[in-house]
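The values are calculated or read from the model by the stated rules, or taken from the named source; none is laboratory data. Note that the structure is predicted; figures quoted are calculated from it, not measured. Cβ: placed from backbone, ideal geometry, glycine included. Neighbour counts: every protein chain shown.
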């Protein structure tokens, strides 16, 4: 076996093992302590209930484990994987290692949708999803389509137009959110907390949509690994090799937007995951998206699960916003990345 490929396989297996160990550790941590053996006992009871139809109650700890912690752990892993694979795809499309999943205004749109829903006092559910979740999802999709409508008319400079449109739409929607915060002082804390990200509201109805969308979207993005590799050499080279850059970009951006919209609608805005993980994994496995995408997904799942575990267990009786924890790791890394790029340009 190729030594380089063997090393990559070892790295992937290490990431997978760390993810499984962290998931097990995360189950045991929290205000209600649940031991490892107690966890397996409760899971065994639930399994016998499903398979044999036996009525075996797990008590309060069983409810905490099965209805709160497991959905939250699975949700953190899949959101981390989805944000990372989208960040990887965007960095390839824009040929910029500093691109992230929110570059086209999705987070601002979701925040506006959630803020409007909270401010208007909308209640009720649809297919098991709350009004705030639905408002955030519609806001994310609306912002994305607005950016595309503004940018895709200029075929000669699509990437530049997309970036500028994303920035303009983000500022506009952020201004509208600021106005809502000014005129609705009662709900300021709810809106601000939502923007900082949390997995507290993730349950099985959310996972029923999050998991298939993330898996399908990631699979579709992975099928574009070869065009992404070719696009890294420039659009002229891509056309000469039979790749339609415009078609590839539209396919990737639509798929990515759906993955991110679902994630943001359920958890709020969680930054730096989609920026850091692809960049770190690129240094480990190289620039080819064939391996970079799955490695980024695994690293993103591990990182966001770690961040959520720290967020809910670092302080007794209180929970930190997940976005604040990821920012503590991501902001210094982002500054280092900026300094390294500036140093490279200077030399």
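Among the residues that make up segment 152-162, is at least one of them surrounded by 22 or more Cβ atoms within 10 Å (Cβ to Cβ) and either modelled with pLDDT under 85 or outside any helix (DSSP H, G or I) (or both)?
Going residue by residue through segment 152-162, those that are surrounded by 22 or more Cβ atoms within 10 Å (Cβ to Cβ) are 162.
Checking which are either modelled with pLDDT under 85 or outside any helix (DSSP H, G or I) (or both) leaves us with 162.
Yes: one or more hits.
Among the residues of segment 100-120, which ones are touching a residue at least 40 places away in the same chain (Cβ under 8 Å), more than 8 Å from residue 139 (Cβ to Cβ) and either part of a helix (DSSP H, G or I) or in contact with a strand residue (DSSP E or B) (Cβ under 7 Å, 6 or more places away or on another chain) (or both)?
Passing the criteria: 106, 107, 108, 115, 118, 119.
Being under 29 Å from residue 313 (Cβ atoms), part of a loop (DSSP other than H, G, I, E, B) and within 24 Å of the chain's Cα centre (by Cα) is the requirement here; does residue 198 meet it?
Numbers: under 29 Å from residue 313 (Cβ atoms): yes; part of a loop (DSSP other than H, G, I, E, B): yes; within 24 Å of the chain's Cα centre (by Cα): yes.
Judged against the criteria, residue 198 is a match.
Can you name every residue in segment 315-337 that is buried (at least 16 other Cβ atoms within 10 Å of the Cβ) and under 19 Å from residue 33 (Cα atoms)?
Residues satisfying the conditions are 319, 320.
Residues are listed down the side, and each one gets a yes or a no for (1) assigned to a loop (DSSP other than H, G, I, E, B); (2) surrounded by fewer than 16 Cβ atoms within 10 Å (Cβ to Cβ); (3) touching a strand residue (DSSP E or B) at 6+ places or on another chain (Cβ under 6 Å):
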residue: 179; (1), (2), (3): no, yes, no
residue: 192; (1), (2), (3): no, yes, no
residue: 216; (1), (2), (3): no, yes, no
residue: 227; (1), (2), (3): no, no, no
residue: 233; (1), (2), (3): yes, yes, no
residue: 248; (1), (2), (3): no, no, no
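Would you check if there is a residue in segment 254-262 being without any contact (Cβ under 8 Å) to a residue 40 or more places away in the chain and part of a loop (DSSP other than H, G, I, E, B)?
For segment 254-262, residues without any contact (Cβ under 8 Å) to a residue 40 or more places away in the chain and part of a loop (DSSP other than H, G, I, E, B): absent.
Answer yes or no: is there a residue in segment 299-314 that is surrounded by fewer than 24 Cβ atoms within 10 Å (Cβ to Cβ) and modelled with pLDDT under 85.
Yes, there is a match, as at least one residue in segment 299-314 is surrounded by fewer than 24 Cβ atoms within 10 Å (Cβ to Cβ) and modelled with pLDDT under 85.
If a residue must be within 19 Å of residue 76 (Cα to Cα) and either at pLDDT 80 or above or in a helix (DSSP H, G or I) (or both), how many such residues does segment 15-38 contain?
Selection size over segment 15-38: 15.
Tell me, yes or no, whether segment 280-290 has at least one residue that is over 25 Å from residue 222 (Cα atoms), out of contact with any strand residue (DSSP E or B) (no Cβ under 8 Å at 6 or more places or on another chain) and crowded, with 24+ Cβ neighbours inside 10 Å.
Of the residues in segment 280-290, the ones over 25 Å from residue 222 (Cα atoms) are none.
Within segment 280-290 (the criterion being over 25 Å from residue 222 (Cα atoms), out of contact with any strand residue (DSSP E or B) (no Cβ under 8 Å at 6 or more places or on another chain) and crowded, with 24+ Cβ neighbours inside 10 Å), the answer is no, since none of the residues qualifies.
Consider only pairs whose beta carbons are under 8 Å apart and that are at least six residues apart or on different chains; among these, list those whose first residue lies in segment 13-35 and is in contact (Cβ under 8 Å) with a residue 12 or more places away in the chain and whose second residue is in a loop (DSSP other than H, G, I, E, B) and loosely packed, with under 13 Cβ neighbours inside 10 Å.
31/316; 31/317
Does segment 186-199 include one or more residues that are closer than 20 Å to residue 300 by Cα and free of Cβ contacts under 8 Å to residues at least 24 places away in the same chain?
No, because not a single residue in segment 186-199 is closer than 20 Å to residue 300 by Cα and free of Cβ contacts under 8 Å to residues at least 24 places away in the same chain.
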